[in-house]
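The values are calculated or read from the model by the stated rules, or taken from the named source; none is laboratory data. Worth saying up front: this structure is predicted, and the values here are computed from it rather than measured. All Cβ positions, glycine included, derive from the backbone under ideal geometry; neighbour counts span all protein chains shown.
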Amino acid sequence: MTTKETLLTLLEENRGRYFSGEEIAEKLSVTRAAVWKAVNGLRGDGYEIDAVKNRGYCLASDTDILSWQGIRKYLSSICGALTLDVLPSARSTNAVAREKAAEGAAEGYTVIANEQTDGRGRQGRKFYSPAGSGIYLSLLLRPKNCSPDQAVRFTTMAAVAACEAAEEISGERAEIKWVNDIYMRGKKVSGILTEASFSLETGCLDYAVLGVGFNVYMPEDGFPSELADTAGAVFARRQNDGKNRLTAEFLNRFMQYYTAQDMASYGKQYRERSMVIGKKINVISPNGCKNGTALDVDQDCRLIVRYENGMVERLSSGEISIYVDENAMEK
């Protein structure tokens, strides 16, 4: 690690504590001049580092910048195999993770970006990913002997983990709009995109890339007009280390479910957090749209729909919209 990275590790692990320049130099085995240069480098990256005469340097407690040093201190032991790669910007974290997978990266590689310049959502849509207000992460998974049907579960695991993480850090209720959107206060705050590669020889999963995006705060200039009515943020105001805490909490929760591979451990939570049960919906497919009612979510997290013609279907994947009234739908 560079001196700047090592200094950030020291300050992140001791938020609120002051270290003299001499003490830092001794701990890092560098010169006082190198400490001064590293401090200025961190300040240039946006970190607020207090400097008080006769006390030294201290990372401001309200700093909220994504870093692997900041995330790591909140991770539980179940995340011990994860390799964190935190970037200031990426065209798409899923694209980066897929490239790493093709190069042979091990399970647990996790790329996290402060912004995406070409973020993608489902159906090839662009995913709005501005700098400074969100978390955009992709996790590489390589489960053994995993069938296509089993791979679908990663999205539902992630949806429950995202809800639980948002609730734990914000203290507010989060719900799931089947199959992969997270809502708080009636607005979408998170989306999930899982992409997979299968072996033609075995038919089993070669690898999966689980992509999750959180709107942590409202963007400085607001959301684009096409998103203004539907998009929201996890937090209403800036938090002390909110991004690092939310990222770690999601990874802790997801890895618990992924390691257990037990549908019962998260299936009930998925159903209880559903915001569509009992509502009129529009099921969207390449063949068109069909109106119906969401009757329930079964133990496999499939959506049970009764169409207007009386036919009942269990959906394991797809896209829906919810009727708000006779003339308007929530996308």
Could you please find all residues in the range 31-55 being assigned to a loop (DSSP other than H, G, I, E, B) and either in contact (Cβ under 8 Å) with a residue 40 or more places away in the chain or closer than 22 Å to Lys73 by Cβ (or both)? Asp45, Gly46, Tyr47, Glu48
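For (1) surrounded by 17 or more Cβ atoms within 10 Å (Cβ to Cβ); (2) under 30 Å from Ile192 (Cα atoms); (3) out of contact with any strand residue (DSSP E or B) (no Cβ under 9 Å at 6 or more places or on another chain), each residue gets a yes or a no:
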| residue | (1), (2), (3) |
| --- | --- |
| Leu7 | yes, no, no |
| Gly44 | no, no, yes |
| Tyr47 | yes, yes, no |
| Val52 | no, no, no |
| Asp64 | yes, yes, yes |
| Val96 | yes, yes, no |
| Tyr109 | yes, yes, no |
When Ser129 is evaluated against the numbered criteria (1) under 14 Å from the mean Cα position of the chain (by Cα); (2) buried (at least 19 other Cβ atoms within 10 Å of the Cβ); (3) at pLDDT 95 or above, which criterion, by number, is the only one it fails? (3)
Residue within the range 178-186 that is crowded, with 23+ Cβ neighbours inside 10 Å, assigned to a strand (DSSP E or B) and not polar (S, T, N, Q) present: yes
Mind checking which pairs have a first residue in the range 1-25 that is under 19 Å from Leu84 (Cα atoms) and a second that is polar (S, T, N, Q) and crowded, with 18+ Cβ neighbours inside 10 Å, Cβ under 6 Å, 6 or more apart or different chains? Leu8/Gln69; Thr9/Gln69; Glu12/Gln69
Can you tell me which residues in the range 198-223 are in a loop (DSSP other than H, G, I, E, B), surrounded by 11 or more Cβ atoms within 10 Å (Cβ to Cβ) and under 21 Å from the mean Cα position of the chain (by Cα)? Val216, Tyr217, Met218, Pro219, Phe223
Only one of (1) outside the structural domain of Thr155 (by TED's automatic domain parsing); (2) without any contact (Cβ under 8 Å) to a residue 24 or more places away in the chain does not apply to Ser316, and that is (2)
Answer yes or no: is there a residue in the range 73-80 that is buried (at least 19 other Cβ atoms within 10 Å of the Cβ), in a loop (DSSP other than H, G, I, E, B) and not hydrophobic (A, V, I, L, M, F, W, C). no
What residue, among those in the range 229-260 that are free of Cβ contacts under 8 Å to residues at least 60 places away in the same chain and either of a type in the set (Ser, Thr, Tyr) or assigned to a loop (DSSP other than H, G, I, E, B) (or both), is surrounded by the most Cβ atoms within 10 Å (Cβ to Cβ)? Gly232
Of all residues being surrounded by fewer than 17 Cβ atoms within 10 Å (Cβ to Cβ) and either among the small types (Gly, Ala, Ser) or outside the structural domain of Leu141 (by TED's automatic domain parsing) (or both) in the range 81-94, which is farthest from Val209 (Cα to Cα)? Just the residue, please. Ser89
Matching residues in the range 178-210 (within 21 Å of Lys126 (Cα to Cα) and out of contact with any Ser or Thr (no Cβ under 8 Å at 6 or more places or on another chain)) number 7
In the range 301-325, the residues that are buried (at least 17 other Cβ atoms within 10 Å of the Cβ) and either acidic (Asp, Glu) or not in a strand (DSSP E or B) (or both): Cys301, Arg302, Glu319
